[in-house]
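A short worksheet on the structure shown next.
We did not get these values from a lab; they are worked out from the coordinates using the rules stated. Here the structure is a predicted model, which is why all the values come from computation and not from measurement. Virtual Cβ from ideal backbone geometry, glycine too; neighbours counted across all protein chains shown.
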Amino acid sequence: MRGLFITFEGNDGSGKSSALQTVKKELLEKGFDVVYTREPGGSYIAEKIRELILDKDNLGMDPKTEALLYAASRREHITKTIIPALEAGKIILCDRFLDSSLAYQGYARELGIDNVLQMNQFATEGLFPDLTILVCTRPEIGMSRIKKDERDMDRLELEKITFHNKVYEGYLSIADHFNDRVVVVNGEQSKEEVLETVKNILYPFIKERMG
Ligand code: TYD
């Protein structure tokens with residue numbers, strides 16, 4: 001039996017991770033066999049690559065190096081964590097995946113969505129999520145949420161607002177392109193409303209697929 005591969009996407013400060021944590025908890029309480037994971041990271045070597053990518057000292061990183069490192073970390077994550085969990089019939093809830101590379105490296109870094117998709121195919125061998133919940137929040141709102149948190153920002157978050165605007169636009173165009181699997185949620189609603197909307201998409205989907 002194959003499990004379900006569900007990804008959560010969104011621009012920085014969109015509110016996706018907080019909704020994701022709550023649905024993970026609820027699904028576990030309901031007795032579903034859930035695996036939570038994230039990118040970049042999600043396995044031993046992938047987490048090491050994550051440190052390298054997000055390190056604030058690595059400001060001069062070439063965009064193609066960045067894209068390749070994300071893809072390398074994804075390959076580790078897929079082979080060590082995602083595929084074994086799928087084969088064991090589990091529900092995988094993954095914070096960011098391929099669409100992040102398409103939006104951030106493909107669109108915002110201007111490497112080209114198609115180029116980054118093609119490059120990632122070597123790593124993913126055609127593995128796409130069964131469902132992607134994309135939480136979108138205009139960057140001026142998303143970034144002000146992050147600043148309010150008063151935590152240290154990573155290398156990508158420290159990018160200028162023009163970069164974050166492009167990420168946002170990139171995500172909308174990806175949602176359009178992959179409208180068979182991507183569902184957009186308005187992240188500008190209250191935390192409770194975002195959560196409700198996410199649940200209304202996710203729970204019927206799981207019920208339909210897993211019974
Ligand atoms: P993280 O702290 O995990 O972000 P968040 O809490 O917003 O999910 O940091 C991941 C950063 O890396 C985030 O700014 C998005 C970026 N990213 C890419 O640029 N490309 C990718 O392929 C992935 C997976 C993430």
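I'm trying to understand the selection: among the residues of region 1-56, which are farther than 19 Å from Ala71 by Cβ, in contact with a helix residue (DSSP H, G or I) (Cβ under 8 Å, 6 or more places away or on another chain) and of a type in the set (Ser, Thr, Tyr)? Once the filter is applied, which keeps residues that are farther than 19 Å from Ala71 by Cβ, in contact with a helix residue (DSSP H, G or I) (Cβ under 8 Å, 6 or more places away or on another chain) and of a type in the set (Ser, Thr, Tyr), region 1-56 yields Ser14, Ser18, Thr22, Tyr36.
Can you confirm whether Asp57 is over 21 Å from Gly10 (Cβ atoms), without any contact (Cβ under 8 Å) to a residue 24 or more places away in the chain and surrounded by fewer than 15 Cβ atoms within 10 Å (Cβ to Cβ)? Give the steps one after another, and end with the answer.
On the way: over 21 Å from Gly10 (Cβ atoms): yes; without any contact (Cβ under 8 Å) to a residue 24 or more places away in the chain: yes; surrounded by fewer than 15 Cβ atoms within 10 Å (Cβ to Cβ): yes.
Judged against the criteria, Asp57 is a match.
Can you tell me which residues in region 72-118 are part of a helix (DSSP H, G or I), among the aliphatic types (A, V, I, L, M) and either more than 13 Å from the chain's Cα centre (by Cα) or surrounded by fewer than 19 Cβ atoms within 10 Å (Cβ to Cβ) (or both)? Spell out how you get there, then give the answer.
Residues of region 72-118 that are part of a helix (DSSP H, G or I), as a first pass: 72-87, 98-108, 113-118.
Filter again for among the aliphatic types (A, V, I, L, M), leaving 72, 78, 82-83, 85-86, 98, 102-103, 108, 113, 116-117.
Hits for region 72-118 are Ala72, Ile78, Ile82, Ile83, Ala85, Leu86, Ala108, Ile113, Val116, Leu117.
Answer yes if at least one residue in region 137-148 is surrounded by 11 or more Cβ atoms within 10 Å (Cβ to Cβ), in a loop (DSSP other than H, G, I, E, B) and of a type in the set (Val, Ile, Thr), and no otherwise. Yes; the residues of region 137-148 include at least one that is surrounded by 11 or more Cβ atoms within 10 Å (Cβ to Cβ), in a loop (DSSP other than H, G, I, E, B) and of a type in the set (Val, Ile, Thr).
The condition (being touching a residue at least 12 places away in the same chain (Cβ under 8 Å), within 21 Å of Pro204 (Cα to Cα) and either within 10 Å of the ligand (Cβ to nearest atom) or not in a strand (DSSP E or B) (or both)) is satisfied by just one residue among Ser14, Ser18: Ser18. Scan region 33-47 and tell me whether some residue there is within 14 Å of the ligand (Cβ to nearest atom) and either part of a helix (DSSP H, G or I) or surrounded by fewer than 15 Cβ atoms within 10 Å (Cβ to Cβ) (or both). For region 33-47, residues within 14 Å of the ligand (Cβ to nearest atom) and either part of a helix (DSSP H, G or I) or surrounded by fewer than 15 Cβ atoms within 10 Å (Cβ to Cβ) (or both): present.
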